[in-house]
Structures are given as C-alpha cells and as structure tokens.
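Read the structure below first, then the notes.
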Amino acid sequence: MSTRSVLPAVPFIPVPSLPAERSDAEYRAHRASVDPRRMPISIYQVHPGSWDRAADGGTLDWDQLAERLIPYAANLGFTHIGLMATDGDDDEEGLVRLVDTAHHAGLGVLIDWTAANATVEVHDLGKRETVNLLVDDALRWTGRVDGLHIGAVAAMLYRDYGAGTTWDAVEFLRTLHRALAAERPGVFTIADETTAWPGVTLPADQGGLGFGFKSNLGWAHDTLQYFARDPAERGRHHREITFGIGYAFAGTFILPLGHDEVVGGRGSLLARMAGDDWAQLANLRALYGLMWGHPGKKLLFMGQEFAQRRAWSNTRALDWHLRSSGAHEGVRNLVRDLNRLYRERPALHASDGEIDGFEWLVADDTGSCVFAWLRRTPGAAPFAVIANLSPVARAPYRLPLPAAGWWREIFNSDAEEYRGTGLGNGGGVEAANGAAWVTLPPLATIMLEHQG
C-alpha cells in the first residue's frame with residue numbers, strides 16, 4: 001500500500017513553544033522560564049570554518065556565517081546551533097551579533113567551552129584563584145550564549161584516565177554549576193564524559209556534578225555499529241539497539257551523532273551504513289527516524305542532514321552540490337520533518353528522562369530485526385515508534401498496541417518524498433484486542449500516533 005508522509009513539504013514554521021521573531025531579551029526571558037529537560041532540544045553542530053566558504057574560498061566571518069546559517073538551521077527546525085571551537089575565534093562582538101540574530105529566529109546558541117580543559121593541564125583545580133577564574137569565564141560566556149558543551153570531562157575527574165579520582169575537579173564542577181544555576185537561569189551544560197561516573201546530570205546540591213545533559217556516547221557507538229552490520233548479521237546483535245534503554249533514564253542525555261563520529265578515518269554517517277547506495281540511504285533515513293523517536297535530546301553534525309558522502313575536512317566547505325540530488329534532498333526533508341514532529345508532539349520530548357515515558361512494544365524479535373516502543377507523556381497522545389531494520393518488508397506484522405482505535409501513520413522514513421519506496425499503511429491502522437496488523441517497509445522507521 002503506497003503512502004506519503006502526512007507532514008507537508010513546506011518551509012519550517014516555528015511552533016509556539018519556541019517562537020521566532022523575538023528580541024534577544026524576550027528569548028532570554030523565555031529560556032529562563034522553562035525546564036530544558038522537558039523541552040525539545042535538537043542541536044545542529046557546526047564547525048564555523050568549514051560549514052560554507054566565501055566565493056574566494058576564504059572562511060566566513062561571524063556576520064556572513066549568521067546570514068547563511070541561521071535561516072538554514074531555522075528552516076530545518078533545529079532548536080539550537082552548536083558552534084565548535086576553531087582557531088582564530090577572537091571576534092567576540094561578531095559572535096554576540098550572531099547570537100542575537102539567532103535569538104530573533106528562535107534559535108539558541110551553544111559553544112564548546114575549552115577553558116577548563118586547557119587550565120586543568122597546568123593548574124591545580126584546588127586553588128581558589130583557578131576556580132574563580134574558570135567560573136568567571138563561564139559566567140561571562142553564558143551572558144552571551146545559551147549553553148556550554150564541555151569535553152574531556154573524564155580527564156578532569158580521573159588522573160590519567162583511571163589512576164585516581166581528582167576530587168578537586170568534582171568540587172569545581174559543582175561550584176561551576178551552582179553559580180550557573182543562580183546567575184544564568186535556563187542556560188544548560190552538556191558533558192562529554194566517557195565513563196560510568198554516577199550523577200553527572202544530578203544537581204550539584206543533590207550530590208551530582210550538575211550538568212544539564214550528558215552526551216550518550218555509548219548509544220552512538222552501539223547504534224552506529226549495528227547499522228554498519230550486514231542485515232543478515234543484525235539478528236545476533238539485537239542488544240546493540242536495546243541495551244541503551246537499560247540506562248537511558250539514569251540521567252538526562254543527548255543522543256550525539258556529532259563531530260566525533262565523522263573524524264579519525266570514520267567517514268561520513270552515510271558511508272558507515274551497510275549495503276549498496278540504496279540501502280545506505282535507506283539505513284540512514286531509518287537511523288534518523290529511530291534517533292528522533294528514542295528518549296534523549298538530539299545532536300547532528302553539519303552535512304549529515306543531507307547525507308554528506310565525503311569525510312569531513314576542516315579545509316573545505318560541505319558538499320552543498322549534493323542537494324541537487326533528489327535522494328540527498330530527501331534525507332534533508334526527512335530531518336526537517338522529524339524536527340517539526342519532535343517539537344510539536346510532547347510525547348516525543350517532554351518525558352525524555354523518565355521511565356514512565358517509555359514502554360517496549362517489541363524488544364525481542366531478533367529474526368525480523370524489528371524494534372518497537374511507545375513514547376508518552378501526561379496530557380498528550382502516545383506515539384508508537386517502529387523500526388524494521390531488515391531489507392525485507394514485514395506485511396502483515398502483528399504489532400502490540402496498548403489502546404484500541406485509530407493510530408495515524410504520522411511519519412514513514414520510506415515515504416516517496418524522502419526517495420523511499422512509498423510502502424506504508426495508507427494513513428494509519430486500526431487497533432483492537434491489544435494489537436494491530438501493520439505494514440513495515442524495509443530498512444525503515446515509522447511512527448504511529450493514537451487518535452482515539
């Protein structure tokens with residue numbers, strides 16, 4: 001049965017929770033009034049020097065970057081731009097203008113905060129002068145931007161990555177986050193922390209480190225490893241998808257398909273998918289559907305939204321010519337529609353860190369490589385997220401569903417406008433007696449919304 005996505009292929013229109021056309025002051029006031037853990041957060045991570053280039057091949061200054069980047073990211077429905085640190089980022093006033101422009105468009109701006117990483121190598125974090133210097137620097141930057149991405153946190157917490165705990169670093173991070181909570185309401189921090197340190201996102205006053213979110217690097221590793229496997233082998237590695245749910249509610253997480261996943265010889269996300277060109281594109285679309293339906297906020301590195309083929313390089317712009325291909329523009333349109341759906345439907349974001357917001361529907365179908373779960377939050381319609389990660393269509397497939405009635409097919413990564421096969425459920429399915437018979441396209445993720 002043929003289907004098309006029910007989301008219209010029109011430019012993104014911001015939803016009321018994060019409206020555009022605000023002044024900088026209005027944006028900051030709104031930011032301070034909400035709990036980011038219950039808001040949609042979808043971050044477009046950008047390396048400023050290689051996102052795009054000037055006509056002469058030179059790098060763009062902050063004003064030129066703002067002119068091109070902000071409308072692009074807003075149109076795609078991202079909530080934040082994450083700016084990576086680059087050499088020569090010394091025009092702070094230009095950055096402030098970019099942030100102001102972003103706020104007018106309803107976008108927050110995050111930056112990589114490297115001061116702590118650099119200082120910890122040469123100073124003792126037990127010194128009051130060092131702590132004060134770092135906290136003042138963080139407060140200065142968060143007076144301009146909306147959040148800090150702090151890398152190499154494990155290197156701060158452990159001497160030589162495991163030879164002993166640096167308790168001075170623990171106290172520094174708690175001091176930092178107490179200061180931010182008191183003086184920068186609504187600002188959040190993201191920790192890149194590669195160990196199982198407890199309480200990374202627990203408030204400092206409750207004995208945690210105080211970060212707003214932690215990058216779920218384990219999820220990224222396991223998920224990308226699964227999608228790189230030949231589908232014939234995937235059934236034996238089912239836990240690479242299911243395992244992450246076991247700790248998904250032990251903190252508040254960002255799902256990061258970021259810069260770290262496309263450097264060091266790894267290649268682009270598209271290149272890491274299994275199969276021929278058709279299968280790689282289908283796998284990538286299915287991966288994004290699974291990611292946007294999975295508990296956790298979202299982070300995507302630039303270029304991956306249109307299925308960049310070549311490995312990223314900081315010496316050249318992205319391969320923007322790929323957008324002239326229907327297959328690549330189809331992936332971009334899919335990311336746009338996922339962001340819009342994610343922002344509009346509370347079930348997909350409001351209970352990210354709460355186990356009551358998630359329920360497995362199908363967790364053990366290793367033979368079919370099917371995964372299905374429910375996303376829900378009080379006062380909103382529940383969502384069923386179903387991924388068929390085999391190259392074989394499953395039709396009919398008996399899907400457990402907790403509520404009788406009509407379940408509308410609200411998203412299908414195999415829809416024709418994304419350059420999929422167009423196989424789907426003709427608008428939705430009827431559930432009765434705890435289940436519905438559904439059509440699952442090959443290498444695809446679909447989402448069903450309960451309509452009652």
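The values are calculated or read from the model by the stated rules, or taken from the named source; none is laboratory data. Just so it is clear, the structure is predicted and the values come from calculations on it, not from any experiment. All Cβ positions, glycine included, derive from the backbone under ideal geometry; neighbour counts span all protein chains shown. Note: accessible area is taken over every heavy atom of the protein model, side chains too, but ligands, DNA and RNA are not part of it. Shrake-Rupley method; radii C 1.70, N 1.55, O 1.52, S 1.80 Å.
Things worth noting here:
- Proximal aspartates and glutamates relative to K214, as straight alpha-carbon distance under 19 Å, when same-chain residues fewer than 8 apart are discounted: D35, D112, D146, E171, D192, E193, D205, D222, D260, E261, D352, E354
- When only the Cβ of Lys, Arg, Asp and Glu is charged (+1, +1, -1, -1), the dipole of the chain relative to its Cα centre reaches about 1200 debye.
- Helix 277-293 axis, angle to the chain major axis (alpha carbon atoms, nearest 10°): 70
- Nearest 10 degrees, 0 to 90: helix 167-183 Cα axis against the chain principal axis: 80
- For peptides 42-50, 98-106, sequence by mean Cβ density within 10 Å, most packed first: 42-50, 98-106
- Whole-Hz couplings from phi, Karplus 6.51/-1.76/1.60, listed for the stretch 197-208; x for Gly and Pro: 3, x, x, 4, 9, 7, x, 4, 6, 10, x, x
- For the peptides 405-416, 323-334, 133-144, the ranking by packing is 405-416, 323-334, 133-144, with the highest mean count of neighbouring Cβ atoms within 10 Å listed first.
- Angle of helix 217-227 to the longest C-alpha principal axis of the chain, folded into 0 to 90 degrees and rounded to 10: 30°.
- Backbone geometry of the stretch 319-325 corresponds, through the Karplus equation with coefficients 6.51, -1.76 and 1.60 at θ = phi - 60°, to 3J(HN,Hα) couplings of 7, 5, 4, 4, 5, 6, 8 Hz, x marking Gly and Pro.
- Span from the the stretch 343-411 Cα centroid across to the the stretch 58-89 one, whole angstrom: 34
- Taking the helices alone, the chain has a mean residue ellipticity at 222 nm of -9000 deg cm²/dmol, built from -39,500 (n - 2.57) per DSSP H run of at least 4 residues and averaged over all its residues.
- Heavy atoms of Y247: accessible area, 1.4 Å probe, square angstrom to 10: 60
- To put it simply, the accessible area of the chain at a 1.4 Å probe is 51 percent carbon and sulfur.
- Accessible area per residue in Å² at 1.4 Å probe, computed on the chain: 38
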